[in-house]
Each structure stands twice: as structure tokens, then as C-alpha cells.
Amino acid sequence: PPLVAQIVRYGITGGIVTAFGVGAYWAGVTNFALAPLVANVFAYLVSMALGYFMHARFSFRETSGAASAKQSGKFFVTSGISFALNSLFVWLFTDVMGWDERTPVIAMIFITPAICFVIYRKWVFA
């Protein structure tokens, strides 16, 4: 069914973009000794453009060649929601709970992408 195929494509694309973002976050906190929230900002900035093009072209099969300004705006709002969720996880796990700065990665991999899929499907690329 089309929904299943779209979920599979989203999973592949999301996996690549999430791995890229998580890798950037991980490198920031472990290799460059960045504060967790600073590393999260860095990870967000370096993976946002990759996510836009991959999701538009592959996950949701945008074929017009150029997304509308409205669609692009919706994507960036959803991207902001993704960033806010990941920042919440970083703050909650590292500052509030005092856990290791790598613990937010689990929520970044499973929770944020699931929420964003619904928003992308129902609003951005509907």
C-alpha cells in the first residue's frame, strides 16, 4: 500500500538524516567538548538542508522540481518543531536528570522522527 511504501521511504531517509544529525551532535559533545545544547544547535543546522531535499524528493515524492514557498515554509516550521523536541530531550536528560550527554540520542532517533512523519505527511507534503 502507498502508506507502507511512504513509511519505508521515510524510514530510510529519516534514518540517514537522523544518523547524520546524531553523529554531528555526538561529535560535538565528545570530540569538541561542546555543551549539549550547543551541539544540538550544530547538529540541527548541518542536517536541516539534507533532510529537506531527501524528504521532498524521496520520502514524499515531490516531483515538481521546486517546492512552493508555502511548502518550504511548512517544512521549516516542522524542522523547528524537530529542533525544539530534540532540545527538550537534551535539556531534560542532561540538565534536569543529570544523565550523560549522549542519552538524548535515543529519543532523537525514535520519538522525534515519529512525530515529524505525521506532520510531514498530514501538513507539509499532503
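The values are calculated or read from the model by the stated rules, or taken from the named source; none is laboratory data. This is a predicted model, so every value here is computed, not measured. As a convention, Cβ positions derive from the backbone with ideal geometry for all residues, glycine included, and neighbour counts pool all protein chains shown. Side chains are part of the model used for accessible areas, which takes the heavy atoms of the whole protein and leaves out ligands, DNA and RNA. Shrake-Rupley method; radii C 1.70, N 1.55, O 1.52, S 1.80 Å.
Some observations on this one:
- For region 25-126, carbon and sulfur atoms together expose 70% of the accessible surface, with a 1.4 angstrom probe and every protein chain in place.
- Stokes-Einstein D for the chain, Kirkwood Rh over Cα pairs, 20 °C, 1.002 mPa s (µm²/s): 144 µm²/s
- Gained length - ALA126 relative to THR30, 0.36 nm times residue gap less alpha-carbon distance: 30.7 nm
- Around the amide H of LEU34, modelled in the peptide plane, lie the amide H atoms of VAL29, all under 5 Å away and 5 or more residues distant in sequence or on another chain.
- Efficiency of FRET between ILE81 and ALA5 - r from beta-carbon atoms, R0 25 angstrom, step 0.05: 0.55
- A 1.4 Å probe run over the chain, with the rest of the protein chains in place, finds 55 Å² accessible per residue.
- Length-normalised contact order for region 4-74 - Cα pairs under 8 Å, 6+ apart - percent: 38 percent
- Residue list for region 105-126, given a label point 7 angstrom along the Cα-to-Cβ vector of SER72 and an amide N cut-off under 18 Å: 124-126
- Cβ-based charge dipole, the chain, positive-most Cα from VAL96, ILE81, TYR52: TYR52
- Remark: relative contact order (the chain) = 29 percent; criterion is Cα-Cα distance under 8 angstrom and separation of 6 or more residues.
- For the peptides 93-106, 34-47, 75-88, the ranking by mean Cβ contacts within 10 Å, running from highest to lowest, is 34-47, 75-88, 93-106.
- The chain - charge dipole about Cα centre, Lys and Arg +1 at Cβ, Asp and Glu -1, debye rounded to 20: 580 debye
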